[in-house]
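Chemist: Next up is a structure, given as structure tokens.
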Amino acid sequence: MFSPRVQKLIDELSKLPGIGPKTAQRLTFHLLKLPPEEALPLAHALIEVKETVRFCARCFNLTESELCSICADPTRDRSTLCVVEEPADIISLERTHEYRGLYHVLGGALSPIDGIGPQKLRLAELSERVRAEGIQEVIVATNPNMAGEATALYIAEELRPLVEAGTLRITRPAAGLPMGADLEYADEVTLSRALAGRREIR
Amino acid sequence: MGSRLFTTEALVIGSMRYREADRIITLYTRDRGKLSALAKGLRRTTSKVGGRLEPFGLVRVSLHSGRGSLYTVTGVETLRTFQGVRDELFRMEEGARLLAAVRNLFPVEEANPPVFNLLVRGVARLAGSASPRDAACVVLSTRLKLLAVLGYAPVVSGCARCGGTESLVGYSPELGGVVCLDCASRESAAYFMLTRGALASLGSLISNPLAELDELEVDDRTLAEVEQVVTQTLAHHGH
């Protein structure tokens, strides 16, 4: 129906998440209508990002050099390591301005239900880093869902010898009520976690 | 036409990320069997249902049937969280086998209340399992009982081909039961060898109630053999 090159663009766009064939077609025609100076920056940006952005050699965050800006920053606290599933999670945590330590990106979470085992994640690299870099606290900030919980349990098990030797502390961010929410609408699982992790008002 | 909205008890048997913040949840419902439903915005921190639709959760869920075969979740109430399953890695791993069996074995939207009850009892018993071996027994037994509900239970009382009860030596997924030495050597159907212990345990796991499994004495080798029987039987009948 379309010329082969147009069809190719539609096909490529429809591979993107959340983009169906109809939307891909609309985007394609929009791009075709644009003057070159408006359409080509997208192509250049795509090429640039694929050619220059890679994973940080230490924490597997996204970076344009050997180490990411966080690993390369000498003012960060090198005794604390926060484990996250995806690079996007680092952005969320950085926005809090509460955390000054380093990160480790797993690239996903263990999911027995979906057949995602430890070897598909950067768990061996984590163990090695914790031992080699003399980390004193590991904060397991995987998502509070089943896969994230499974991952947290696995990490705790892997690093147990260090905890027993008294050289490492493993923690998990508190689970609780979102700020600004009504107690009335909280789900039971979150609410019971929030109660279990309650703390004294000073 | 009846109402397009209905409410039923359901166990969450699967969950898949969908679009930006949604999930597609697979449920085994008491009233309509297995079905999938879209839970919109579930992954956002402001979602009211996020914590309620985690795998292994028992819920009362309101579903709206929209276009196509996919339902939309409009309300969820937790009945049991079975948090115990999620507190230990070994329970989660065994539980994953049970949920996978349910996902693969049953057709979409075919109500089967005995299956629902069995599944809930199995998950409840798993949540309180004491050891990896206990958890493995619970899940093997539940999977065998699910096969039994469908009429696919492995025949263990005698040879699946000749009915003889002497020198039973192996298991044939194709014949759906144990086979004796004579039939095994004559029969062209594939089979694999079973130890005496595995044969006995297989029978007990099918017929003993879930609550009495802790009295069963099995070793890891026996469990591995029974696992093979269950896996291959499920593979033979899975959809």
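The values are calculated or read from the model by the stated rules, or taken from the named source; none is laboratory data. All figures in this text were calculated on a predicted structure; none of them were measured in a lab. As a convention, Cβ positions derive from the backbone with ideal geometry for all residues, glycine included, and neighbour counts pool all protein chains shown.
Chemist: Please list, ordered by first then second residue, the pairs with beta carbon atoms under 9 Å, 6 or more apart or interchain, first in the stretch B:30-55 and under 15 Å from B:GLY14 (Cβ atoms), second crowded, with 21+ Cβ neighbours inside 10 Å and among the basic types (Lys, Arg).
Modeler: What qualifies is B:LEU38/B:ARG23; B:ALA39/B:ARG23; B:LEU42/B:ARG23; B:LEU53/B:ARG23; B:GLU54/B:ARG86; B:PRO55/B:ARG86.
Chemist: Mind telling me which of the residues B:ALA153, B:ALA148 ends up being in contact with a helix residue (DSSP H, G or I) (Cβ under 7 Å, 6 or more places away or on another chain) and either under 17 Å from B:ALA200 (Cβ atoms) or at pLDDT 95 or above (or both)?
Modeler: None of the other options fit; the residue is B:ALA153.
Chemist: So, one more: Can you tell me which residues in the stretch B:88-110 are surrounded by fewer than 19 Cβ atoms within 10 Å (Cβ to Cβ) and either closer than 18 Å to B:ALA235 by Cα or not assigned by TED's automatic domain parsing to the domain that holds B:GLY151 (or both)?
Modeler: Hits for the stretch B:88-110 are B:ARG103, B:ASN104, B:PRO107, B:VAL108.
Chemist: Mind checking which pairs have a first residue in the stretch A:1-30 that is on the phi > 0 side of the Ramachandran plot and a second that is at pLDDT below 90 and surrounded by 13 or more Cβ atoms within 10 Å (Cβ to Cβ), Cβ under 7 Å, 6 or more apart or different chains?
Modeler: If the second residue must be at pLDDT below 90 and surrounded by 13 or more Cβ atoms within 10 Å (Cβ to Cβ), the pairs left are A:GLY18/B:ARG19.
Chemist: Is it true that some residue in the stretch B:51-65 is within 14 Å of chain A (Cβ to nearest Cβ), part of a helix (DSSP H, G or I) and buried (at least 23 other Cβ atoms within 10 Å of the Cβ)?
Modeler: Yes; the residues of the stretch B:51-65 include at least one that is within 14 Å of chain A (Cβ to nearest Cβ), part of a helix (DSSP H, G or I) and buried (at least 23 other Cβ atoms within 10 Å of the Cβ).
Chemist: Just to be sure before I move on: is B:GLY151 surrounded by fewer than 20 Cβ atoms within 10 Å (Cβ to Cβ) and free of Cβ contacts under 8 Å to residues at least 40 places away in the same chain in the structure I sent? Show your work before the answer.
Modeler: Numbers: surrounded by fewer than 20 Cβ atoms within 10 Å (Cβ to Cβ): yes; free of Cβ contacts under 8 Å to residues at least 40 places away in the same chain: yes.
When the stated conditions are applied, B:GLY151 passes them.
Chemist: Does B:LEU194 fit the bill of being within 22 Å of the chain's Cα centre (by Cα) and among the hydrophobic types (A, V, I, L, M, F, W, C)?
Modeler: So B:LEU194 fails the test.
Chemist: One residue is enough: does the stretch B:125-143 have a residue meeting the conditions among the acidic types (Asp, Glu), away from chain A (no Cβ under 14 Å) and surrounded by 15 or more Cβ atoms within 10 Å (Cβ to Cβ)?
Modeler: For the stretch B:125-143, residues among the acidic types (Asp, Glu), away from chain A (no Cβ under 14 Å) and surrounded by 15 or more Cβ atoms within 10 Å (Cβ to Cβ): present.
Chemist: Got a number for residues in the stretch B:179-226 being among the hydrophobic types (A, V, I, L, M, F, W, C) and more than 18 Å from B:ALA160 (Cβ to Cβ)?
Modeler: Of the residues in that region, 7 qualify.
Chemist: Additional query: Residues of the stretch A:123-166 being among the β-branched types (Val, Ile, Thr) and either part of a helix (DSSP H, G or I) or within 21 Å of B:GLU54 (Cα to Cα) (or both), which ones?
Modeler: Listed by number, the residues that qualify are A:VAL130, A:VAL140, A:THR142, A:THR151, A:ILE155, A:VAL163.
Chemist: Just checking, does the stretch A:69-91 include any residue being without any contact (Cβ under 8 Å) to a residue 40 or more places away in the chain, within 14 Å of chain B (Cβ to nearest Cβ) and farther than 30 Å from B:ARG97 by Cα?
Modeler: There is at least one residue in the stretch A:69-91 that is without any contact (Cβ under 8 Å) to a residue 40 or more places away in the chain, within 14 Å of chain B (Cβ to nearest Cβ) and farther than 30 Å from B:ARG97 by Cα.
Chemist: Specify the residue that is surrounded by the most Cβ atoms within 10 Å (Cβ to Cβ); the eligible residues are those in the stretch A:86-122 that are among the hydroxyl-bearing types (Ser, Thr, Tyr) and either assigned to a loop (DSSP other than H, G, I, E, B) or not assigned by TED's automatic domain parsing to the domain that holds A:THR151 (or both). Before you say what the answer is, go through the steps one by one.
Modeler: The initial filter retains those residues of the stretch A:86-122 that are among the hydroxyl-bearing types (Ser, Thr, Tyr), namely A:92, A:96, A:99, A:103, A:111.
Keeping just the survivors that are either assigned to a loop (DSSP other than H, G, I, E, B) or not assigned by TED's automatic domain parsing to the domain that holds A:THR151 (or both) gives A:96, A:99.
Numbers: A:THR96: 7, A:TYR99: 16.
Only one residue fits best here, namely A:TYR99.
Chemist: Look at the stretch A:160-177 and say how many of its residues are within 14 Å of chain B (Cβ to nearest Cβ) and out of contact with any strand residue (DSSP E or B) (no Cβ under 6 Å at 6 or more places or on another chain).
Modeler: 6
Chemist: Please find, within the stretch A:67-85, the residue that is farthest from A:ARG129 (Cα to Cα) out of those that are in a helix (DSSP H, G or I) and of a type outside the set (A, V, I, L, M). Spell out the reasoning first.
Modeler: In the first step, residues of the stretch A:67-85 are kept if they are in a helix (DSSP H, G or I); the result is A:69-72.
Checking which are of a type outside the set (A, V, I, L, M) leaves us with A:69, A:71.
Values: A:SER69: 18, A:CYS71: 13 Å.
Among those that are in a helix (DSSP H, G or I) and of a type outside the set (A, V, I, L, M), it is A:SER69.
Chemist: I've got another one for you. Of the residues that sit in the stretch B:6-19 and are facing chain A (nearest Cβ under 10 Å) and touching a residue at least 12 places away in the same chain (Cβ under 8 Å), which one is surrounded by the fewest Cβ atoms within 10 Å (Cβ to Cβ)?
Modeler: Filtering first and then ranking leaves B:ARG17.
Chemist: Moving on to the next point. For the structure I just gave you, tell me whether A:GLU158 is over 20 Å from A:PHE60 (Cβ atoms) and acidic (Asp, Glu).
Modeler: No: the conditions fail for A:GLU158.
Chemist: Return the pairs, sorted by first residue and then second, in which the second residue is of a type in the set (Lys, Arg), the first residue lies in the stretch A:125-151 and is within 14 Å of chain B (Cβ to nearest Cβ), the beta carbons are less than 7 Å apart, and the residues are 6+ apart or on different chains.
Modeler: Final answer for the pair search is A:VAL140/A:ARG172; A:MET146/B:ARG86; A:GLU149/B:ARG86.
Chemist: Also, quick follow-up: Based on this model, can you work out whether B:PRO114 counts as in the same structural domain as B:VAL229 (by TED's automatic domain parsing) and out of contact with any helix residue (DSSP H, G or I) (no Cβ under 7 Å at 6 or more places or on another chain)? Lay out the reasoning, then the answer.
Modeler: On the way: in the same structural domain as B:VAL229 (by TED's automatic domain parsing): yes; out of contact with any helix residue (DSSP H, G or I) (no Cβ under 7 Å at 6 or more places or on another chain): no.
No: the conditions fail for B:PRO114.
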